[in-house]
1. Determine whether I293 is within 30 Å of V550 (Cβ to Cβ), of a type outside the set (K, R) and either open to solvent by 20 Å² or more (accessible area, probe 1.4 Å) or at pLDDT 95 or above (or both).
2. Just name the residue that is modelled with the lowest pLDDT out of those in the range 312-344 that are outside any loop (DSSP other than H, G, I, E, B) and surrounded by fewer than 13 Cβ atoms within 10 Å (Cβ to Cβ).
3. Considering G2, G74, G54, which residue is closer than 30 Å to Y529 by Cα, surrounded by fewer than 22 Cβ atoms within 10 Å (Cβ to Cβ) and modelled with pLDDT under 90?
4. May I ask you to say which residue of S229, S263, S267 is within 25 Å of I518 (Cβ to Cβ) and exposed (fewer than 13 other Cβ atoms within 10 Å of the Cβ)?
5. State all residues of the range 232-246 that are open to solvent by 50 Å² or more (accessible area, probe 1.4 Å) and either in contact with a helix residue (DSSP H, G or I) (Cβ under 8 Å, 6 or more places away or on another chain) or acidic (D, E) (or both); if no residue qualifies, say none.
6. Please count how many residues of the range 546-559 are at pLDDT below 95 and open to solvent by less than 40 Å² (accessible area, probe 1.4 Å).
7. So, in the range 536-556, exactly how many residues are touching a strand residue (DSSP E or B) at 6+ places or on another chain (Cβ under 7 Å) and part of a helix (DSSP H, G or I)?
8. Return the residue satisfying two criteria in turn: it lies in the range 150-164 and is without any contact (Cβ under 8 Å) to a residue 60 or more places away in the chain and assigned to a helix (DSSP H, G or I), and of such residues it is surrounded by the fewest Cβ atoms within 10 Å (Cβ to Cβ).
Amino acid sequence: MGESRFNKDLIASTFIVLAVMIVTAVFGDYFFDLNDDVLMKDILSGAYLGAPEGHNIQMLYPISFLLSCLYRIGTKLDWYGIFLCLCQFLCVFLIILRSMKLAGDIRRKVFLVASEIAIFLGFFGPHLLFVQYTVVCGLLSGTAAFLILTCDKLDLSSGIVPACFLVIAYQIRSEMLLLTLPMVLVAVLIKWVMLGHDKKNFISYAKLCLIVAAGLLASLLIHKIGYSSEEWKEFNRFFDNRTELYDFQYIPDYAENKEFYDSIGLSESEQQLLINYNFALDDEINADMLGTIAEYAARLRGEEQGLISKLFGSLGQYKYRLHHIAKPKSYEYPMTDYPWNVGMVVLYLFAAVSFFVTDKENKVEGQKKRFIYGLLLLVVLFACRTTLWLYIIARGRDPIRITHPLYLIEILILIGMIIMNDKKGGKFMLIATAIISLIGIISLPMQGAVINRENTLRAEMLDKYNALYTYFGENPDNYYLIDVYTSVSYADTTDQETVPCSEKMFANVNNNFCNHDILGGWASKSPIYRGKLEKAGFDCVEKALLADNVYLVQTIEKDTEWIRNYYLEKSTEIDLEQIDTVAGVFAIYRLEGMK
């Protein structure tokens, strides 16, 4: 009987997930959300170096190496896209399957699953189509927390899937997993307290935490071994300093800080390379230099704004984001937290009340004590989320690829708490489910409009960039180096709204070597960046741009004085000739050193 019921739940969950996939596909196409994912895919697939490469820099080496191996056995498949989508829909499937298992009668099954579908489509829908590895990491972490909360008892058999999800999430995006891990630990604490907080359960939960910790440490160790060469160690130092400078600090103005720049040997034209991200052009810009600039910028920022004022500023924005409601107008900017903040607040209220109402309905002993414990656990959860939010706001790193997964894991934990409190199918669960479903249903047309608008803009973007890549392919004997901002957007050439460059998943898959690269970015100065340049026949970008078959690419509207000034400071006067244009927005330049 139990096995038959499980099989029915399994079949029903499969069809529900397929329905979610179909509904999202009707709204639009699957895209890599950002060009970061596109570059990672190119590195893994062999489109970057000419052969699949396990060092894709952003992910930990074990999962990156495994994906590169898949490309070696099936080069015409988009394995990276397949992997990200598989992770997403596997999470959706397991959440629905667990909910079906816990729901008693068919009425409860329908209401509970409908609620979760409404959340995924009405809240998370755009992320199912515009796929980003950071978001996938957060979804895996949130699913692990939900599975931990809703299992019958937390032992090795029930904890292995959540543990695997956390380890995989860590390998996909280690920083995001570490950001969400405190929420997962709160979920473990909630589970332990609500099941009676006895010593036996504590040992089981401690074992699970140790297994996860061992998995994370093993992943990190293998990653360190994979990047153990001196070249990779030096690049990782460069990468960390670059991240600190660009993501958390800023590049000080040259005129106002000339004395500092002179002290580190950075000229004005070289500082301009940092501003426009084209720092691969200059080999003298290294890890030490970026670290020194980041430290200097941090000191300047510290002088401009004290710690207390910065903290109060973060609190104000945090409180605003908790209660501000605005209809989503676009996929990311201007950012709005609706419907996430509304759904989260509603679930906190229902979770608090559920500790009293459902216990009263089900005649649970120790009702008052359980209610107090429940409220304290909600306080701990809210304190944890507040700490994480203040951290990302204070650091200035709160894009939706970080905030939405934080909301999602919190919502899944709250739903898990409500489910745990209503094991016998009381009316309260149905009411809570109906309300959260209503929020998702109300949001669905808004998200549909956001997806349609984003698809239109991305289609226009793809037309331009596909024309540029086709141009590169039609000239295979040439090599093209693209201005970094041009590789991201052509917004300066039009008054129309644009979106950053990305690619469709599973469309026109071509994993052959691409005869172009960008003049900076996060892969710049890495062993694979240098390897690609060497494959094209050059040992440094500065000399390569002066070769006969190498061309500079940037938008037509972009000024070229920055590169003239750079070479002039290097004692080389250049002749810059525009030899072609592509799609009405891109200009192709030949550089020639004048004698």
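The values are calculated or read from the model by the stated rules, or taken from the named source; none is laboratory data. None of the values given here were measured: they were computed from a predicted structure. Glycine also receives a Cβ, built like all others from the backbone with ideal geometry; neighbour counts cover every protein chain displayed. Note: areas computed on protein heavy atoms with side chains; ligands, DNA, RNA excluded. Shrake-Rupley method; radii C 1.70, N 1.55, O 1.52, S 1.80 Å.
1. Yes, satisfied.
2. Checking each candidate, the answer is F312.
3. Criteria check complete, one pass: G74.
4. Result: S229 is the single residue among S229, S263, S267 that is within 25 Å of I518 (Cβ to Cβ) and exposed (fewer than 13 other Cβ atoms within 10 Å of the Cβ).
5. Once the filter is applied, which keeps residues that are open to solvent by 50 Å² or more (accessible area, probe 1.4 Å) and either in contact with a helix residue (DSSP H, G or I) (Cβ under 8 Å, 6 or more places away or on another chain) or acidic (D, E) (or both), the range 232-246 yields E234, R237, D240, E244.
6. 1
7. To start, the set of residues in the range 536-556 that are touching a strand residue (DSSP E or B) at 6+ places or on another chain (Cβ under 7 Å) comprises 536, 541, 544-546, 549-556.
Applying the additional criterion that residues be part of a helix (DSSP H, G or I) yields 541, 544.
So the count comes out to 2.
8. The qualifying residue surrounded by the fewest Cβ atoms within 10 Å (Cβ to Cβ) is S157.
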